[in-house]
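In what follows, a single structure is set out as structure tokens and then discussed.
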């Protein structure tokens, strides 16, 4: 076994999917709070009132609000993120369960609008600060190292409405203030930070639209990304200045791309997918500059990126200490017409005949994790962490209350082997935080029945349930994995 003795075993969540308490103690709304529930086959929607006060909704990914419309919570719609799993009131119970499993680290995020309800205030909400102090102190009580994502898909709704979101350069300064507050307030309690969650999704989602995404959509996406890159770089510099002990990372949605055939056109297309979807963000955040291929990506969609000399300086000076990423699946790239395709929760393309697929259409490919780890470490030579990994599945509660989830254990067993292989091959992998270590609201579908956790939460897709926590078989299995540092699996 090759896992280092100080390897950070743990689990991962996000505030908007688990915290709940969406409108109490001064918290302001985020975009997720006007996003409805959905399913594998039904999209989530963002709801609004048009300029005449009539209710409406648009798909949560891709479309824009009609002119004059305003985001709104509608009485006849279901918003699962409003309550999440009520971590806000259950955090002590949940952290005690994480400690029982033996967690060395717990990945969570700070809700921007809980600290800055609108996002552009000069001073933070003291009740929001107090809540996270309590959470971090509770983690420290059990010697669990917090791993904190500063932005996890939850820009304050006010900034979306009144500033146009990340298209507006002003958000850089608002994010700086937010990040600085986090670094100052939680100094000594938190030393591992991630600036933006799955930052590459901004462009990757356009790929799912095939050729239907407009040049304007690409212009907006690349400009939003650039503003986030600058914000991230400035946050890294601020975080290091406030506490030199801080270790600050990027966070990439990691997908391994394979060419379908040996046709040179497929090979080249596959490389271009890696560059656009994976390397583009990693290069800027780890190397401090855009790759040479960026000009080709911009030119393909007539993108004119607004970038200043100060931006370039910030990017070079604010490179991250760690490269962290999510890994759930691989996908196939081809220039050829294919008959058998996959489709589901953020997955599309040709089906890989050598792999099996989850109930939500994701390819199960632990070898792809080894491949990704080795490619990325060779490119950046920075410590790596797998901060999301897992399988969403239907879980059944037996009459005696037990929950048998051998499929989850099998999934993790193979991915832990894949990490072990990568470490043996020279990769500096320092941590593993499986996604949804406790059941939470799915970001993609808004469902509860798409369960990831080692801990079951009694909440249903319609919002009913007691929120009671129960241990699945995988809870005890993962406890043994951690206790043996990966030897027993």
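The values are calculated or read from the model by the stated rules, or taken from the named source; none is laboratory data. If you're wondering where the values come from, they're calculated on a predicted model, not measured in any experiment. Here the Cβ is made from the backbone with ideal geometry for all residues, glycine too, and neighbour counts use every protein chain on show.
Report, by residue number, each residue of region 383-408 that is surrounded by fewer than 19 Cβ atoms within 10 Å (Cβ to Cβ) and touching a residue at least 60 places away in the same chain (Cβ under 8 Å). Give the derivation first.
Narrowing region 383-408 to residues surrounded by fewer than 19 Cβ atoms within 10 Å (Cβ to Cβ): 383, 393-394, 396-402, 404, 406-407.
Scanning region 383-408 gives 383, 397, 401, 402, 404, 406.
Does region 110-130 hold any residues that are touching a helix residue (DSSP H, G or I) at 6+ places or on another chain (Cβ under 7 Å) and surrounded by fewer than 21 Cβ atoms within 10 Å (Cβ to Cβ), and which are they?
118, 120, 124, 125, 129
Hey, which of the helices (runs of 4 or more DSSP H) in region 110-167, taking only ones fully inside, have at least 3 residues that are within 30 Å of residue 6 (Cβ to Cβ) and modelled with pLDDT of 95 or more? Break it down into steps so the answer makes sense when it comes.
Values: elements: 112-115, 126-141, 157-163.
Because the criterion is at least 3 residues that are within 30 Å of residue 6 (Cβ to Cβ) and modelled with pLDDT of 95 or more, the helices (runs of 4 or more DSSP H) in region 110-167 that meet it are 126-141.
Please specify each residue of region 192-217 satisfying the condition of being in contact with a helix residue (DSSP H, G or I) (Cβ under 7 Å, 6 or more places away or on another chain) and modelled with pLDDT under 95. Spell out the reasoning first.
Filtering region 192-217 down to residues in contact with a helix residue (DSSP H, G or I) (Cβ under 7 Å, 6 or more places away or on another chain) leaves 193, 195-196, 199-200, 202-204, 206-207, 213, 217.
Matches in region 192-217: 202, 203, 204, 206, 207, 213, 217.
Quick check on region 349-361: of everything there that is more than 16 Å from residue 261 (Cβ to Cβ) and buried (at least 16 other Cβ atoms within 10 Å of the Cβ), which residue is farthest from the chain's Cα centre (by Cα)?
355
Any idea how many residues of region 388-447 are under 19 Å from residue 251 (Cβ atoms) and in a strand (DSSP E or B)?
So the count comes out to 6.
Would you please list the contacts, defined by Cβ atoms under 6 Å and residues six or more apart or on different chains, that run from a residue in region 352-367 that is closer than 16 Å to residue 451 by Cα and assigned by TED's automatic domain parsing to the domain that holds residue 413 to a residue that is at pLDDT 90 or above and buried (at least 20 other Cβ atoms within 10 Å of the Cβ)?
358/391; 360/392; 362/328; 362/329
How many residues are surrounded by 19 or more Cβ atoms within 10 Å (Cβ to Cβ) and in a loop (DSSP other than H, G, I, E, B) when one looks only at region 448-480?
Within region 448-480, residues that are surrounded by 19 or more Cβ atoms within 10 Å (Cβ to Cβ) and in a loop (DSSP other than H, G, I, E, B) number 8.
Those residues that are outside any loop (DSSP other than H, G, I, E, B) and surrounded by fewer than 18 Cβ atoms within 10 Å (Cβ to Cβ), I need them from region 84-96; list them, please. Step through it out loud before you land on a result.
Just the residues of region 84-96 that are outside any loop (DSSP other than H, G, I, E, B), to begin with: 87-96.
Passing the criteria: 89, 92, 93, 96.
Among the residues of region 50-83, what is the count of those that are surrounded by fewer than 16 Cβ atoms within 10 Å (Cβ to Cβ) and part of a strand (DSSP E or B)?
Result for region 50-83: 4.
Residue 364 fails exactly one of the following numbered conditions: (1) touching a helix residue (DSSP H, G or I) at 6+ places or on another chain (Cβ under 9 Å); (2) surrounded by 18 or more Cβ atoms within 10 Å (Cβ to Cβ); (3) under 23 Å from residue 204 (Cα atoms); (4) at pLDDT 95 or above. What is the number of that condition?
Every listed condition holds for residue 364 apart from (4).
Any residue at all in region 84-92 that's more than 22 Å from residue 451 (Cβ to Cβ) and assigned by TED's automatic domain parsing to the domain that holds residue 425?
Yes, that holds for at least one residue.
Listed here are the residues, each with its yes/no results for (1) over 18 Å from residue 79 (Cα atoms); (2) under 17 Å from the mean Cα position of the chain (by Cα); (3) modelled with pLDDT of 95 or more; (4) not assigned by TED's automatic domain parsing to the domain that holds residue 388.
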{"position": "1", "(1), (2), (3), (4)": "yes, no, no, yes"}
{"position": "12", "(1), (2), (3), (4)": "yes, yes, yes, no"}
{"position": "29", "(1), (2), (3), (4)": "no, no, yes, yes"}
{"position": "40", "(1), (2), (3), (4)": "no, no, no, yes"}
{"position": "43", "(1), (2), (3), (4)": "no, no, no, yes"}
{"position": "59", "(1), (2), (3), (4)": "no, no, no, yes"}
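What is the number of the single condition among (1) in contact with a helix residue (DSSP H, G or I) (Cβ under 9 Å, 6 or more places away or on another chain); (2) at pLDDT 95 or above; (3) under 30 Å from residue 36 (Cα atoms) that residue 397 does not meet?
(1)
Across region 73-85, what is the number of residues that are within 27 Å of residue 108 (Cα to Cα) and in contact with a strand residue (DSSP E or B) (Cβ under 9 Å, 6 or more places away or on another chain)? Break it down into steps so the answer makes sense when it comes.
Keep residues of region 73-85 that are within 27 Å of residue 108 (Cα to Cα), which gives 73, 78-85.
With the extra rule that they be in contact with a strand residue (DSSP E or B) (Cβ under 9 Å, 6 or more places away or on another chain), the set shrinks to 73, 79-81, 85.
Residues meeting the conditions: 5.
Quick one: which of 248, 255, 199 is assigned to a loop (DSSP other than H, G, I, E, B) and in contact (Cβ under 8 Å) with a residue 40 or more places away in the chain? Break it down into steps so the answer makes sense when it comes.
Values: 248 fails: assigned to a loop (DSSP other than H, G, I, E, B); 255 fails: assigned to a loop (DSSP other than H, G, I, E, B).
When all the criteria are applied, what remains is 199.
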